[in-house]
Amino acid sequence: MKEYYTKETIERFMNPGHMGEMKDANGVGEVGNPQCGDQMTVYIKVEDGKIKNASFQTLGCAAAIATSDVICEMVIGKDIKEALSITKEEMIEKLKKLPAVKVHCSSLALEGLKKAIEDYEKK
Amino acid sequence: MTKNIYLDYAATTPVDDSVQEEMAPFFSEKFGNPSSVHSFGQEALFAIDKARVRVANFLGAREREVIFTSSATQGNNLALQGVLEKEENPHVITSPIEHKAVLEPLKNSKAEVDYLPVYRNGVVKAEDVLEKVKDETVLVSVMYANSEIGTIQPIEEIGKKIKEINKKRKRKIVFHTDAVQAVNYLPCDVNRLGVDLLVMSGHKIYGPKGAGALFVREGITLSPVFYGASQERKINPGTENVPAIVGLGKAIEEIKKNNPKKTKELRDMMITGIEERIEGSFLNGDRERRLPNNVNMSFEGVEGESLVIALDREGIASSTGSACASHSLSPSYVLLALGLSHEMAHGSLRLTLGRGVTQGDVNYLLEKLPPVVERLREISGRGSKK
């Protein structure tokens, strides 16, 4: 049966491993706006130059939620430079694929991460 | 998936058994071209004319006033373009909550289009139509019932007002209505409504996809939009989709299978049930002037497409006005026209009932929706504003 979203996307949508506010985050990035429908907040905890923990809160479609979860999972354990070099193609691979019209959600998640890192570096 | 509950009847409906039966012979048994002079052809012609009589009777119209189309979108295009083509400087009055099949042909015509105010309840006012009429006005187009929020427009009232104005006008204003969502539940006598053009669709009324009908009042001439042989009074030339037209005719005859009273009861149970169980939930559009089968609500802190996907996982088919579920970046223009914020428009869920829906289905929805909303609010970190 042909499905709109892959099994991998649905799994993350139904059971995101990294959702939630991080009270002790030292970098927070907010992206999106009420106009376009997706709003994401990415939280990171950086220690000794490495991202120790990452979590998200997302108001958006299944793809937005899934890609938020993916980016958080992918950055944990990486240093900032590695984290910044993650591409949306690598993210989408984790989901096997995304409908063409949903690819922008992965870009948004990356932007959220970048903003969180910027926020951390400002502090 | 344990259950399979369809709550998207406004999108399309299953073909009724009696309709399928009626259509069956016309695929490989009585497959003639209605334009052929031989018996095969005449048999097919007889069948579509029978369907024509059924539609005409339903509308209180004459047979020759009924044109078959491939869809309501085609019907709307034929009607609107057909009226406007020959006009020099036409002015058209319409609502901003029409279906794209009405808005787009108007936008792409030479007409100056004037949009009626749509109030918070999603209903236009007949007197606003009068206010906008000027010398150059040639056409008024207002849908009978809206597909997203189910609100019912005052067509009969508008029809009366136009009839009055037309008495004193040399150039009569033509009144068109897209009745696609109304046919199931509302009276569609064209003389009672006072319309000159009316469009309906087969697959919204338990008939097949691929057939619609356009009522063109005697005396109204439509310029052709495309050309060919002479079927359907040259307004819709092309070999007729006989099985689908036969299906449409039967579906119209079976309209009485709808139970507006019971549907309304289930609808209201659903609305109050949701309001009681989920905080920060709001009904979109007038509560009373509303199709018996339409529930459209917005939820704070939740996005519509994720609601639809989550409900789909629970075996419930629904729809949303969120941009994420459309192919554009903007949410439902209908919800925005009501004055909803972008966020609330994105957080909308449409559930539309139909013949197959039971009390049990409503109960199941009321059981499954609240935890879905709660989980999505956990993920967004935005509960309802208390």
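Per residue of A:53-65, other chain Cβ atoms within 10 Å of the residue Cβ number 6 on average. Derived scalar couplings between HN and Hα for segment B:374-384 equal 4, 5, 5, 5, 5, 5, 7, x, 10, x, 6 Hz in order, rounded to whole Hz, by the Karplus curve 6.51 cos²θ - 1.76 cosθ + 1.60 (θ = phi - 60°), x for Gly and Pro.
Quick check: Cα centre of segment B:97-139 to Cα centre of segment B:213-263, how many Å? Cα centroid to Cα centroid, the span is 24 Å.
Isolated cysteines of the protein assembly as shown, defined as having no other cysteine beta carbon under 4.7 Å away, are A:CYS36, A:CYS72, A:CYS105, B:CYS188.
The candidates B:SER95, B:SER39, arranged from most to least accessible area with a 1.4 Å probe in the full protein assembly, appear as B:SER39, B:SER95. Candidates A:SER107, A:GLN57, A:ASN26 compared by Cα position along the dipole of chain A: farthest toward the positive end lies A:SER107, with charges placed on Cβ. In the full protein context, chain B carries 42 Å² of accessible surface per residue, based on a 1.4 Å probe and ignoring ligands, DNA and RNA.
For peptide A:98-107, what's the mean number of Cβ atoms from other chains within 10 Å of each residue's Cβ?
Details: counts 0, 0, 1, 6, 2, 0, 1, 1, 0, 0.
Mean partner-chain Cβ count within 10 Å for A:98-107: 1.
Tilt of helix A:103-122 relative to the longest C-alpha principal axis of chain A, in degrees (0 to 90, nearest 10)? Around 10 degrees separate the two axes. FRET efficiency for the pair B:SER230 and B:LYS3, taken as 1/(1 + (r/R0)^6) with r the Cβ-Cβ distance and R0 = 51 Å, rounds to 0.50.
Just for segment B:17-255, what percent of DSSP beta bridges are antiparallel, to the closest 5?
Numbers: 10 of 24 bridges.
In segment B:17-255, approximately 40 percent of DSSP beta bridges are antiparallel ones.
Chymotrypsin sites (Phe, Trp or Tyr not before Pro), restricted to segment B:104-198: which are DSSP loop and have at most 16 other Cβ atoms within 10 Å?
Within segment B:104-198, the qualifying chymotrypsin sites (Phe, Trp or Tyr not before Pro) (loop, at most 16 other Cβ atoms within 10 Å) are B:TYR119.
Around the Cα centre of chain B, unit charges on the Cβ atoms of Lys, Arg, Asp and Glu (plus for the first two, minus for the last two) sum to a dipole of about 760 debye. The candidates B:THR221, B:THR358, A:THR58, arranged from most to least accessible area with a 1.4 Å probe in the full protein assembly, appear as B:THR221, B:THR358, A:THR58. Between A:ALA25, A:ALA64, A:ALA100, the Gaussian network model of chain A with springs among Cα atoms under 10 angstrom shows the greatest mean-square fluctuation at A:ALA100. In this rough spin-label picture, where each label sits 7 Å from Cα along the Cβ direction, the B:GLU157-B:GLU131 distance is 1.3 nm.
By the rule of a C-alpha distance below 20 Å, with chain neighbours fewer than 8 residues away ignored, the lysines paired with A:LYS123 are A:LYS23, A:LYS45, A:LYS50, A:LYS52, A:LYS78, A:LYS81, A:LYS114, A:LYS115. For chain A, modelled as a GNM whose springs connect Cα atoms under 10 angstrom apart, the maximal fluctuation among A:CYS36, A:CYS105, A:CYS61 occurs at A:CYS36. Element breakdown for segment B:17-255 at a 1.4 angstrom probe: carbon and sulfur atoms account for 50% of the accessible area. A Cβ-based charge dipole, computed about the Cα centre of the protein assembly as shown with Lys and Arg at +1 and Asp and Glu at -1, lands at about 1040 debye.
Shape class of chain B from the alpha-carbon gyration tensor: oblate, with a/c at 1.5 or above and b/c at least as large as a/b. Legend: mean number of C-beta atoms from other chains within 10 angstrom of residue C-beta atoms, peptide B:301-313, equals 5.
Taking label positions 7 Å along the Cα-Cβ direction at both A:VAL28 and B:SER35, the computed distance is 6.9 nm, reported to one decimal.
Once the C-beta distance of B:ILE255 and B:LEU329 is scaled by a Förster radius of 30 Å, the resulting FRET efficiency is 0.20 to the nearest 0.05. Loop-located GluC sites (Glu not before Pro) in segment B:229-316 (DSSP state not H, G, I, E or B) with no more than 10 neighbouring Cβ atoms inside 10 Å: B:GLU288.
Just going by the charge dipole of segment B:74-182, with Lys and Arg at +1 and Asp and Glu at -1 on Cβ, which of B:LEU106, B:LEU78, B:ALA126 is farthest out on the positive end? Result: B:ALA126.
Calculate the dipole size of segment B:1-127 relative to its Cα centre from +1 charges on Lys and Arg beta carbons and -1 charges on Asp and Glu beta carbons; express the result in debye to the nearest 20.
That gives a dipole near 160 debye.
Using only the Cα atoms of segment B:268-386, build the gyration tensor, take square roots of its eigenvalues as a ≥ b ≥ c, and label the shape rounded, prolate or oblate: rounded if a/c is under 1.5, else prolate if a/b is larger than b/c, else oblate.
Rounded shape, in that the Cα axes give a/c under 1.5.
Loop-located trypsin sites (Lys or Arg not before Pro) in segment A:1-75 (DSSP state not H, G, I, E or B) with no more than 13 neighbouring Cβ atoms inside 10 Å: A:LYS2, A:LYS23.
Less than 5 angstrom separates the built amide H of B:TYR6 from those of B:ALA317, all sequence-distant by 5 or more or on a different chain. Counting Lys and Arg as +1 and Asp and Glu as -1 over every other residue whose Cβ lies under 9 Å from the Cβ of B:MET143, the net charge comes to -2. For B:THR137, nonlocal amide neighbours, meaning residues 5 or more places apart or on other chains whose placed amide H falls under 5 Å from its own, are B:HIS91.
Modelled label positions at B:LYS167 and B:LYS110, each set 7 Å beyond Cα in the direction of Cβ, lie 3.3 nm from each other.
Which FRET efficiency value, to the nearest 0.05, is calculated for B:ASP189 and B:LYS262 with the Förster distance at 25 angstrom and r the Cβ-Cβ distance? Working from the Cβ atoms, E equals 0.60.
Here the Gaussian network model covers chain B, with springs between Cα atoms less than 10 Å apart; of B:ALA56, B:ALA111, B:ALA24, B:ALA24 fluctuates the most.
Our summary gives chain B a relative contact order of 22 percent, counting only alpha carbon pairs under 8 angstrom and 6 or more residues apart.
The values are calculated or read from the model by the stated rules, or taken from the named source; none is laboratory data. On a predicted model such as this, the values are computed, not experimentally measured, just so you know. Glycine also receives a Cβ, built like all others from the backbone with ideal geometry; neighbour counts cover every protein chain displayed. Quick note on the areas: whole protein, heavy atoms, side chains included, nothing else; ligands and nucleic acids left out. Shrake-Rupley method; radii C 1.70, N 1.55, O 1.52, S 1.80 Å.
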